[in-house]
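Enquirer: Can you keep this structure in mind? I'll have questions shortly.
Readers should treat all values here as calculations from the given coordinates under stated rules, not as data from a laboratory. Only a predicted model underlies this, so the values are computations on that prediction, with no experimental measurement involved. All Cβ positions, even for glycine, are placed from backbone atoms using ideal geometry, and neighbour counts span all protein chains on display.
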Amino acid sequence: MTWAVRDGDEDEFAYVFTGELAQRVVDEVSPRLDYNINLMDRNGRIIGSVDGARIGTVHAGALEAIRDGRRVLVDADEQSADVRAGINIPLTLDGRIVGAVGVTGDPAEVESVCNVLALTVELLLRNEQHRDSSRWREAAVRELLLGLVNGTVTENGLLEALRHIGSPMTPPWNITAVVPASGSGSSSLPSSTSVALLRRIQGVSGVVAAELQGAVWVLSGSVTDRTLAASRQRLRTGDVRLVTGRHAASSHELSVDAARLGLLLPRVHLLPAGEEIELSALVPETAVAQQSLDISHDTVERVLTPLSATLRETARAFLDHDLSIAATATALEVHRNTLVQRLDRIQHVTGLNLRTFDHAVAMRLALLAAAALEDPYRGA
């Protein structure tokens, strides 16, 4: 962290210039200059220098510049063993003096160099401050999402947490997860995709987001059809699909949707294909995601093991095409009579007549159980 709280200053943050950042600046800049560079913290102590022996010593000129809030020039006739000729300029950020920059040499020659260096360091500090703030905010959002998944966040706690991170929101809610596209070969979004998605959604009113379980989770408040459509548009790319909860959820319904997402995302291979998937349509997937491996093994052993690969594929296609003989025969490129014969064979072997709803559901659960057992990412 670049920032810390100083003793006696607990009520607000005081920005402390770290040695790590200071020395990094010196190492990057000094090869381009013919002058010695020193960077001092707010106590005038040298924390970055071309001369490593000076690290940790107090620079009198810098201390004066910090104390008085002005640049301090030391001419050649004023220098001593401890104070060399040069210029020291205080570093300011958000109206605070956080340290000083010193360049050794004739003040008339090095003043412009010191000015540019001070500006460069202040910009670096501001970037560090922004990165720390962004990391803190995303961590706070991630913690809130985990609380929703685990059922440990009350409605009042949810509202207070959102106010605390600077994004006050109210019901109705929606929670959506962005996951890899079907067939991508991965259970998690690439880091570059997650970063790009978070940037797209950043700054959108009524929305917070964070990376969790290999997906980007997006929580929206005060949801309307218009605002939800706008958020969806920002999130859609060719490499992802959206798994979305209720469009106008109460706080209790939001927690239920978050818990369902928490169950399903570690088993993303169970999700059907499609650019946008409604959680409400994933009841079988949710049931299988919760059941034990023993139950999945037993289901597969009873229902699928007796079937050939061709009959398994026939069953899967028949379910995917809403139990339509015509559509399934076309998809499999077989004659209808051939398909009927296969369905009859499945019924003879398993006792399941896939033309009936209950038996079709049983086959669907068996196929999902097989997918759960064959998960290439399980235990990775």
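Enquirer: Restricting to DSSP H runs of at least four residues, report the calculated mean residue ellipticity at 222 nm for the chain, -39500 (n - 2.57) per run over all residues, nearest 500 deg cm²/dmol.
Expert: Calculated from helices alone, the mean residue ellipticity at 222 nm is -15500 deg cm²/dmol.
Enquirer: Here's a follow-up. What is the distance, in nm, between label points placed 7 Å from the Cα along the Cα-to-Cβ direction at T338 and at T170?
Expert: Rounded to a tenth, the inter-label distance reads 6.2 nm.
Enquirer: May I have the extent of the alpha carbons of region 278-380 along their three principal axes, as whole Å values ordered from largest to smallest?
Expert: 42, 31, 26
Enquirer: How much length, in nm to one decimal, is gained on full extension between V195 and D294, taken as 0.36 nm per residue of separation minus their Cα-Cα distance?
Expert: Full extension of this stretch gives 31.8 nm more.
Enquirer: Let me ask something additional. Once both axes come from the Cα atoms, what is the angle between helix 225-235 and the longest principal axis of the chain, in degrees from 0 to 90, rounded to 10?
Expert: Taking the Cα atoms of the chain, the angle to 225-235 is about 70 degrees.
Enquirer: Continuing with the same structure: Considering the chain as a Gaussian network with a 10 Å cut-off on Cα pairs, which listed residue, T152, T310, T286, attains the greatest mean-square fluctuation?
Expert: T310
Enquirer: Let me ask another. Eigenvalues of the Cα gyration tensor times 5, then square-rooted: what semi-axes does that give for region 63-185, in whole angstrom, largest first?
Expert: Equivalent ellipsoid of region 63-185: 51, 18, 11 Å, largest first.
Enquirer: Here's a follow-up. Please give the peptides 112-121, 251-260, 344-353 ranked by average Cβ packing (other Cβ atoms within 10 Å per residue), highest first, as a rough proxy for protection.
Expert: 251-260, 112-121, 344-353
Enquirer: Same structure again: Under 20 °C and 1.002 mPa s, how fast does region 19-133 diffuse according to Stokes-Einstein, given a Kirkwood radius computed over C-alpha pairs? Answer in µm²/s, whole number.
Expert: Here the translational diffusion coefficient equals 155 µm²/s.
Enquirer: Taking the convex hull of the Cα atoms, report for the chain its projected area averaged over all directions, in nm².
Expert: So the mean shadow area of the Cα hull is 26.4 nm².
Enquirer: While we're here: Which number do you get for Rg(Cα) / (2.2 N^0.38 Å) in region 151-280?
Expert: 0.99
Enquirer: Under the 0.36 nm per residue contour assumption, what length would be gained going from the current alpha-carbon distance of A287 and R345 to full extension?
Expert: Length gained between A287 and R345: 18.1 nm.
Enquirer: Quick one: Cα centre-to-centre distance for region 30-84 and region 179-215, in angstrom?
Expert: Between the Cα centres of region 30-84 and region 179-215 lies a distance of 46 Å.
Enquirer: If each of E20 and T305 carries a label point 7 Å out from its Cα toward its Cβ, how far apart are those two points in nm?
Expert: The modelled label-to-label distance comes out at 5.4 nm.
Enquirer: Let me ask you something else. For region 229-269, what percent of Cα pairs sit more than 17 Å apart?
Expert: More than 17 Å apart: 44 percent of the Cα pairs in region 229-269.
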